[in-house]
Amino acid sequence: MTELSNSRGLIIAAPKSGSGKTLITLALLRAIRNRDIKVASAKIGPDYIDPAFHRAASGHNCLNIDPWAMRPETRRNILDQLAENNPEIIITEGVMGLFDGAKDGTGSTADFAAEIGLPVLLVVDVKGQSASAIATIKGFIDLRDDVQIGGVLFNNLGSLSHKDLIQQAMDKYLPDLPILGYLPRHPDLEMPERHLGLVQAGEHSDLEGFLQIAANWISEYCDIDKLISISSSLQYRNDEGVADYIPPIGKHIAVARDLAYAFCYEGMLTHWRKMGAEISFFSPLLDEVPNEEADAVYLPGGYPELHAAKLAANENFLNGLRKAAKQEKFIFGECGGYMTLGRQIVDKEGVAHDMAGLLPVITNFQKRKLHLGYRKAELQHDCPLGKAGDVYLAHEFHYASTDEIDMSAETLFSTKDATNTPMGTVGLRVGSVMGSFIHLIDRMKP
C-alpha cells in the first residue's frame, strides 16, 4: 500500500440526503483553512455544483471521485492529484446516504471508505427525534465491518434539553463513539437550490460572508481538533500509473467556462494537461470565441437554458462555433453544451431561442421530463473520444425533452443503465460535431 504520510483524510457522510453534509463540509473547510492548515477536498459522485463551493471554502480545487463510474486506477489517480500539494488533511464529502449507490447496489460512499480505509464522520439530522437517532447510528456502525464510523456530529439541534436527551442515549448505548459536536439551526445558513441541486457558487450574492458565518458556527459547536485527530493517513495501492480515462480530444482544447457552462471535472482537465494537451478557456456569455489555435472545442454542461436569450444574441460566440465546424475541428458538447450545438432551446415559458444549429436537435424545457442515472455508453463511431465499441461510464441528469430530431442523423452512443438494461441510443453526430445529454466520467478497459 502507498501511504501519503503528509496527508490525512476523513469522509463526511450521513444516513440520508438533506442531512446537512454540504453545509458542514464547507464550514469545516473554511474553519480549518482559517487555522492556516492546508486543506483539500473531494466530492464523491457525479456532482458539478458542490465542488465549486468547496473550492471557494478551501482555496483549492475540489476533485470528484466516483466509486461506480471510475475504475480503481482512475480513483487513485484522483487521489494522487489531491495529494500533489501535500495538504495536511483531505475532507471528502459523500453522496446521498452512506450506503446508497447506483441501481445495481454498488458505488456508495461506504464502498469508497472501505476501499481507501478512511474513517467516516456521520452527520445525523436530529430534527424531530432524540434517542431514536442512536438506533440509526448503531445500525450504521453494525451494517458493514469494513466501514469505520470514526465519530458522529449531530445537526439541527433544537435546544439544550434536546442535546441532553441525545447525550444520555449516547452515554447508555454508544459510550465509546466520539461525539464531535451538536450543531444548532442557524437562520443565516440556508443554501438556495434549483432543480438540479444548489444554486452555483458563482451566483451566490455573498459567498465569502456566508462561508465565514459557517466557519464561525462550526468552530463554536464542533470540536475541530478532535475531528482532525480521528482522521487517518491515506493508504492505497496505485500500480497502474496514469489511467487514460478520458483521452484528450485535441492537442489544444478550447473549453467553454462561465456560469452557463460550469459543469466540468477539474480532474479531467488536469489529466488532459498531463497527457500533453493545451487548455484555453472562453466565455460564451461574454460573446467570446474559441481560441483560433485550438483544434478541438469542448462545451461542458451547465445552465444555458437560464441564459438562452443572451446566448442567442451572442453572434460572435455562435459564429465562432460554426467557423470551427467548417474547419472540421472536433466539437464536443455534453448536456448544456449539446443543447447549445442544437437548433434551439425552448425555455420554460415556451420561448424558442436559436442556438448554433450544428446538430439537428431542439431542447424543450416547457416539456419537462426527468432523466437521471448512471449510464454505460458505447461509442457508435471512431472519433477523438475513441474507437467504435469503446464503452464509457457516464451519468445523466436533466429535465429537458427533445423535439424534431432529424432521424437521418447519426447517433453517438448506445446506452445501458447501471443494471445493464438497454436504454437505447443517445446523442448525435454531424461531421466533426458531436454531443449528447450524458456526462462522460471514465472509459472502461477494452
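The values are calculated or read from the model by the stated rules, or taken from the named source; none is laboratory data. Worth saying up front: this structure is predicted, and the values here are computed from it rather than measured. Quick reminder, even Gly has a Cβ in these numbers, built from the backbone with ideal geometry, and neighbours come from all protein chains shown. We work out accessible area using only protein heavy atoms, side chains counted, and drop any ligands, DNA or RNA first. Shrake-Rupley method; radii C 1.70, N 1.55, O 1.52, S 1.80 Å.
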Completion exercise
Picked from the stretch 69-89 (must be touching a Lys or Arg at 6+ places or on another chain (Cβ under 7 Å) and open to solvent by less than 10 Å² (accessible area, probe 1.4 Å)), the residue farthest from ILE228 (Cα to Cα) is PRO87
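Residues are listed down the side, and each one gets a yes or a no for (1) part of a helix (DSSP H, G or I); (2) at negative phi; (3) in contact (Cβ under 8 Å) with a residue 40 or more places away in the chain:
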residue	(1), (2), (3)
ALA312	yes, yes, yes
ASN319	yes, yes, no
GLY350	no, no, no
ALA356	no, yes, no
PRO360	no, yes, yes
Practice task
Evaluate the following for PHE154: is it assigned to a helix (DSSP H, G or I), open to solvent by less than 10 Å² (accessible area, probe 1.4 Å) and in contact (Cβ under 8 Å) with a residue 12 or more places away in the chain?
Solution key: no
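Please find, among LYS369, LYS376, the residue that is at pLDDT below 95 and either in contact with a Ser or Thr (Cβ under 8 Å, 6 or more places away or on another chain) or polar (S, T, N, Q) (or both).
Values: LYS376 fails: at pLDDT below 95.
The match here is LYS369.
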Exercise for the section: Name the residue, out of ALA52, ALA56, that is open to solvent by 20 Å² or more (accessible area, probe 1.4 Å) and out of contact with any strand residue (DSSP E or B) (no Cβ under 9 Å at 6 or more places or on another chain). Expected result: ALA56
Fill in the blank from the handout: The condition from (1) among the small types (Gly, Ala, Ser); (2) out of contact with any strand residue (DSSP E or B) (no Cβ under 9 Å at 6 or more places or on another chain); (3) not in a loop (DSSP other than H, G, I, E, B) that SER130 misses is numbered (3)
Practice task
Could you give me the residue pairs with C-beta distances under 7 Å whose first residue belongs to the stretch 114-131 and is touching a residue at least 12 places away in the same chain (Cβ under 8 Å) and open to solvent by 10 Å² or more (accessible area, probe 1.4 Å), whose second residue is of a type in the set (Asp, Glu) and not in a strand (DSSP E or B) wherever it lies, and which are 6+ apart or on separate chains?
Solution key: ALA114/ASP146
Practice task
Determine whether ALA308 is of a type in the set (A, V, I, L, M) and free of Cβ contacts under 8 Å to residues at least 60 places away in the same chain.
Solution key: yes
Handout entry: Qualifying residue in the stretch 225-232 (condition: open to solvent by less than 10 Å² (accessible area, probe 1.4 Å) and farther than 24 Å from GLY202 by Cβ)
Key = yes
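Give the stretch 379-413 a look and list any residue that's part of a strand (DSSP E or B), among the small types (Gly, Ala, Ser) and at pLDDT below 95, or say none. Outline the logic, then answer.
Quick first cut of the stretch 379-413, residues part of a strand (DSSP E or B) only: 379, 383, 386, 391-398, 401-403, 410-413.
This time we only want the ones that are among the small types (Gly, Ala, Ser), so: 386, 394, 401.
Once the filter is applied, which keeps residues that are part of a strand (DSSP E or B), among the small types (Gly, Ala, Ser) and at pLDDT below 95, the stretch 379-413 yields GLY386, SER401.
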